[in-house]
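Notes for the one structure printed next.
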Amino acid sequence: MKYIMVIDDSPTIRVSVEFTIKNLGYPIQQAENGNDALKKIADIKGKGDDIAMCICDVNMPEMDGITFIKEFRKIDKFAPVLVLTTESENDKIKAGKDAGASGWLIKPFKAEQLMSIVEKFIR
Amino acid sequence: MIDNAVRDVFLEESKELLDTLDSDIVRLETSPDQDVMNRVFRSVHTLKGGSGIAGYDQVYEFTHGLENLLDLVRKGETQINAAMITLLLRSLDWIRQAVAAADGEECDIAVKEALQRDINACIGEVSAVKAGGTHDEKPRIIVPGKTDAHGNRYYHIRCAFNEDIFLRGIDPLMIMEDLRRLGTFIQRKINKKDVPNFDSLDPEKCYFSWEVVLKTEHTIEKVYEVFLFVHDDNDIVIRDITENYDPDSADARIAEKRIGEILLGKGVITENELNDVLNEQDQKNAKLGDLVVSKGYATEKDVEHALVDQEKIKKKIETGTVRVDTAKLDNLLNLLGEIVIGQSAISRLADDMSEEQSFMLKNALYGMERTTREFQEQLMSIRMIPIGPSFEQFRRFVRDVSHSLNKEIYLEIEGQDTELDKTVIERISDPLKHMIRNAIDHGIESPETRAGAGKPKSGKITLRAYHQEGNVFIEVSDDGGGIDRKEVRAKAEALGLVKHGEEIADAKLLQFLFLPGFSTTSQVGELSGRGVGMDVVKNNIESLRGSVEIETREKIGTTFRVKLPLTLAIIEGMLIRVGKSIFILPMLSIVESIRPRKEDVQTVEKKGELIRVRGEYAPLVRLYEIFGIESEHHNPWESLVVIVESAGVRLGIMIDELVGQQQIVIKSLDTAITNSRSVSGAAILGNGQVALILDVHGLLSEIMS
């Protein structure tokens, strides 16, 4: 089984992302920040399951999104990571991509847009 | 996205955030602390995100300005003071009130605007600009380009991805597939020059770049969307070449010699730009490629790619071609087969040597085997020719037939570069012709009917060829009314092929159309509909070891999809043993193998032996009787029976053992050796033994007669 990770400190974002993509048929796991996500991903992988993709915020307490992506890439080289953030500065985007982000979507997002991007990545 | 569940979560979250913010901001007044400052910024940032999603547009807009102010403070660009603290606290109050008012619209706009003025004053001029837009998208020139007569646009797209694109979780194939969804690739070129030797190949890197010409009805914007996440930091160039695109001479144009013309042909530069550069070249005596780059008409990469093309063309011109009799190629293939046999003989000799010698000899052989295999592939590729010319000859045919039926039909051809074995191309022509005739006669409706159904008056037939999974697919599609399943079913019931009310799979039902004498057309036309033909089509295709299936959708059209092997010279075969002899059955015709029970075998007068498989009877063949050889078993229930199928008819073949599956190079047999219809050729196995290849269709007709 492959999970989609939704990583954001805001429960509003987490719930709305889950709400948007729940019909894709993938189990969804929420995490509050990078640290929390890495723990949950380790659990998932430990059970022999895998990660289909991650959708993550940048500004989060404990571990921010960029650090998370760097850490995540150490354990999963190829799973897509979509950054969902209000950050639109080019430097930030570049840092994210250098860390291994696959895509960068600026909040607030349109449901159809998010859906079509996620579908494209996990196809 | 204004879903109640999301809104409820936001209400709760914002309450917590605002409470934390209250105490944090108060704390900032007494002791400015960077950690607290960061937390304040993050909380407002989170509030902004949440409000945007939950549909509180006013709050979203407001927090955006607030966030900008806090960002400046956080970065130390401005100092926090008492007035600012008051402003922040008042802002929190307004947010609280606005969130509480169930609808963001009901909040006090006047207060908000006053606060925003104050916030903007704090931010000063620098950030006033920032507060405007959140997206800094690349500026693009968006002019809806022209289209050709059929509403199509042509784009030349070059994508050179960064080597480490896989490590960003992006698969270039995903992008190419997205692109293909927009239209058709008229030209495709994969640039493999950056692929290193196998030894230094890193499987986690992407070494390919692509150049395609996409034919689509979409605008360039839509095409850009496909590259959403990659066009910033990968080398992606999209050019609209609709105006210069001439489908008939596109290939010819690339084949011209001069670099300027190559660039023009690819749509990189315009005719005016070329003339401009040519004039200058006369005066300055500089290289055209350099001039084009210095003038900014093209990038260095463009010129580099054009040079590669030029090199290729030169080579083509220098080497030229030689016409060769295909029999010579067959001979080469046969000789190569002999080498393979020699190799396995040597390999067997090596077994008798000392361990050291055997090891060294086998190592040397291994290298030789690899070369032989490559040799074989190269040899096969010589026999392959593009299907384009064969497709083109149907243009006239479509025109003539459609005129005689008073229909307007446009033939579209795709994948003319697809290569397949020359013999296959020659032998597929007739079946294709038949399918096209069928599509014109039965598939496409009369212009009046089409107009009534809201379709364009002229119909379209598409001939399409492509490679997939080691096979070639050829499709004949029409945009007609589709095949009426009810009619097919009624006819099948009338013929007793299917019982009334019996469930039957769609694909199986449509396969009835290929049975002799099966036609649903009530009116017999001059061209088709006499129930003769489709069975012949299927037989022809099966004799090429291919298969055909139908896909049809009511009111949308029908597609006949023919699947063919890449070549006739090699087949995937199953080795079977009877006594000491080995025979080969084409994998394609094998359905299953079983060990029958005694009561499943029956002898019927004048019809020979029958075997019951899954409720149906099939004739049983004893190979040892046909070929006059020894067999280990003489009772079917003690041996294995392989069930094979040809043209919808099944046959059971008694064997002693299934030996294994293998790629077989077919050697044709002279009629002097065998005129038996049961054998289609022979092959030499690794140990030098000769094995006959059984022709299932021939076996069937032999035992029927």
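Cβ contacts < 7 Å: first residue more than 16 Å from residue B:595 (Cα to Cα), restricted to region B:605-616; second residue modelled with pLDDT under 80 and of a type in the set (Val, Ile, Thr), any location; separation 6+ or different chain. Result?
B:608/B:703
For residues in region B:217-237 being surrounded by 20 or more Cβ atoms within 10 Å (Cβ to Cβ) and in contact with a Leu (Cβ under 9 Å, 6 or more places away or on another chain), which is farthest from the other protein chains (Cβ to nearest Cβ)?
Among residues in region B:217-237 that are surrounded by 20 or more Cβ atoms within 10 Å (Cβ to Cβ) and in contact with a Leu (Cβ under 9 Å, 6 or more places away or on another chain), the one farthest from the other protein chains (Cβ to nearest Cβ) is B:223.
Let's see how each residue does on (1) within 13 Å of another protein chain (Cβ to nearest Cβ); (2) out of contact with any Phe, Trp or Tyr (no Cβ under 6 Å at 6 or more places or on another chain); (3) modelled with pLDDT of 85 or more; (4) closer than 28 Å to residue B:388 by Cα:
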{"site": "B:145", "(1), (2), (3), (4)": "no, yes, no, no"}
{"site": "B:168", "(1), (2), (3), (4)": "yes, yes, no, no"}
{"site": "B:193", "(1), (2), (3), (4)": "no, yes, no, yes"}
{"site": "B:198", "(1), (2), (3), (4)": "no, yes, no, no"}
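Results for (1) of a type in the set (A, V, I, L, M); (2) surrounded by 13 or more Cβ atoms within 10 Å (Cβ to Cβ), shown as yes or no for each residue.
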| position | (1), (2) |
| --- | --- |
| B:371 | no, no |
| B:379 | yes, yes |
| B:384 | yes, yes |
| B:390 | no, yes |
| B:401 | yes, yes |
| B:404 | no, no |
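Identify, from the list B:617, B:624, the residue that is farther than 30 Å from residue B:512 by Cβ, aromatic (Phe, Trp, Tyr) and assigned by TED's automatic domain parsing to the domain that holds residue B:679.
Step by step, each of B:617, B:624 is checked, and only B:624 is farther than 30 Å from residue B:512 by Cβ, aromatic (Phe, Trp, Tyr) and assigned by TED's automatic domain parsing to the domain that holds residue B:679.
Conditions (1) surrounded by 23 or more Cβ atoms within 10 Å (Cβ to Cβ); (2) within 10 Å of chain B (Cβ to nearest Cβ); (3) touching a residue at least 24 places away in the same chain (Cβ under 8 Å); (4) not in a helix (DSSP H, G or I), marked per residue:
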position: A:45; (1), (2), (3), (4): no, no, yes, no
position: A:61; (1), (2), (3), (4): no, yes, yes, yes
position: A:69; (1), (2), (3), (4): yes, yes, yes, no
position: A:74; (1), (2), (3), (4): no, no, no, no
position: A:88; (1), (2), (3), (4): no, yes, no, yes
position: A:98; (1), (2), (3), (4): no, yes, no, no
position: A:105; (1), (2), (3), (4): no, yes, no, yes
position: A:119; (1), (2), (3), (4): no, no, yes, no
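Determine which member of the set A:33, A:23 is out of contact with any Lys or Arg (no Cβ under 7 Å at 6 or more places or on another chain), at negative phi and at pLDDT below 85.
Answer to the selection: A:23.
Of all the residues that make up region B:375-398, how many are more than 21 Å from residue B:465 (Cβ to Cβ) and modelled with pLDDT of 85 or more?
Total satisfying the criteria: 1.
Okay, residues lined up against (1) surrounded by 17 or more Cβ atoms within 10 Å (Cβ to Cβ); (2) aromatic (Phe, Trp, Tyr):
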position: B:7; (1), (2): yes, no
position: B:10; (1), (2): yes, yes
position: B:16; (1), (2): no, no
position: B:23; (1), (2): no, no
position: B:50; (1), (2): yes, no
position: B:66; (1), (2): yes, no
position: B:84; (1), (2): yes, no
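Considering B:354, B:347, which residue is among the hydroxyl-bearing types (Ser, Thr, Tyr), without any contact (Cβ under 8 Å) to a residue 60 or more places away in the chain and surrounded by 13 or more Cβ atoms within 10 Å (Cβ to Cβ)?
B:347
Restricting to region A:94-123, count the residues that are among the hydrophobic types (A, V, I, L, M, F, W, C) and more than 27 Å from residue B:6 (Cα to Cα).
Count: 2.
When you scan region B:55-106, how many residues do you find that are among the hydroxyl-bearing types (Ser, Thr, Tyr), farther than 14 Å from residue B:18 by Cβ and within 12 Å of chain A (Cβ to nearest Cβ)?
Summing the residues that are among the hydroxyl-bearing types (Ser, Thr, Tyr), farther than 14 Å from residue B:18 by Cβ and within 12 Å of chain A (Cβ to nearest Cβ) in region B:55-106 gives 1.
Residue A:22: touching a residue at least 12 places away in the same chain (Cβ under 8 Å), over 13 Å from the mean Cα position of the chain (by Cα) and more than 9 Å from every other protein chain (Cβ to nearest Cβ), yes or no?
No, not satisfied.
When the residues of region B:586-634 are narrowed to those that are among the hydroxyl-bearing types (Ser, Thr, Tyr) and out of contact with any helix residue (DSSP H, G or I) (no Cβ under 8 Å at 6 or more places or on another chain), which ends up surrounded by the most Cβ atoms within 10 Å (Cβ to Cβ)?
Here the residue is B:624.
Tell me yes or no: at least one residue of region B:60-69 is touching a Phe, Trp or Tyr at 6+ places or on another chain (Cβ under 6 Å), part of a helix (DSSP H, G or I) and farther than 22 Å from residue A:7 by Cα.
For region B:60-69, residues touching a Phe, Trp or Tyr at 6+ places or on another chain (Cβ under 6 Å), part of a helix (DSSP H, G or I) and farther than 22 Å from residue A:7 by Cα: absent.
If you scan region B:1-45, which residues turn out to be among the acidic types (Asp, Glu) and either under 14 Å from residue A:12 (Cβ atoms) or at the interface with chain A (Cβ under 10 Å from one of its Cβ atoms) (or both)?
Matches in region B:1-45: B:3, B:8, B:12, B:13, B:16.
Residue by residue through region A:47-59, note down the ones that are within 11 Å of chain B (Cβ to nearest Cβ) and either assigned to a loop (DSSP other than H, G, I, E, B) or among the aliphatic types (A, V, I, L, M) (or both).
A:51, A:52, A:53, A:57, A:58, A:59, listed by residue number.
Which residue, of B:406, B:438, is polar (S, T, N, Q) and touching a residue at least 60 places away in the same chain (Cβ under 8 Å)?
B:438
Please go through region B:70-82 and pick out each residue that is within 56 Å of the chain's Cα centre (by Cα) and either closer than 15 Å to residue B:27 by Cα or surrounded by 15 or more Cβ atoms within 10 Å (Cβ to Cβ) (or both).
Scanning region B:70-82 gives B:70, B:71, B:72, B:73, B:74.
Filter region A:107-117 down to residues that are touching a residue at least 40 places away in the same chain (Cβ under 8 Å) and part of a helix (DSSP H, G or I) and give me whichever is farthest from the other protein chains (Cβ to nearest Cβ).
Ranking the qualifying residues of region A:107-117, first place goes to A:115.
Take the conditions within 25 Å of residue B:327 (Cβ to Cβ), part of a helix (DSSP H, G or I) and of a type in the set (Ser, Thr, Tyr) and apply them to residue B:390. Does it pass?
yes
Just for region A:76-86: of the residues that are within 7 Å of chain B (Cβ to nearest Cβ) and in a loop (DSSP other than H, G, I, E, B), which one is nearest to residue B:43 (Cα to Cα)?
Once the filter is applied, the top-ranked residue is A:86.
Could you please find all residues in region B:184-210 being β-branched (Val, Ile, Thr) and in a strand (DSSP E or B)?
Passing the criteria: B:184, B:186, B:190.
The values are calculated or read from the model by the stated rules, or taken from the named source; none is laboratory data. Please read these numbers as outputs of a predicted model, since none were measured by experiment. Cβ coordinates were reconstructed from backbone atoms using ideal geometry, including for glycine residues, and neighbour counts include every protein chain displayed.
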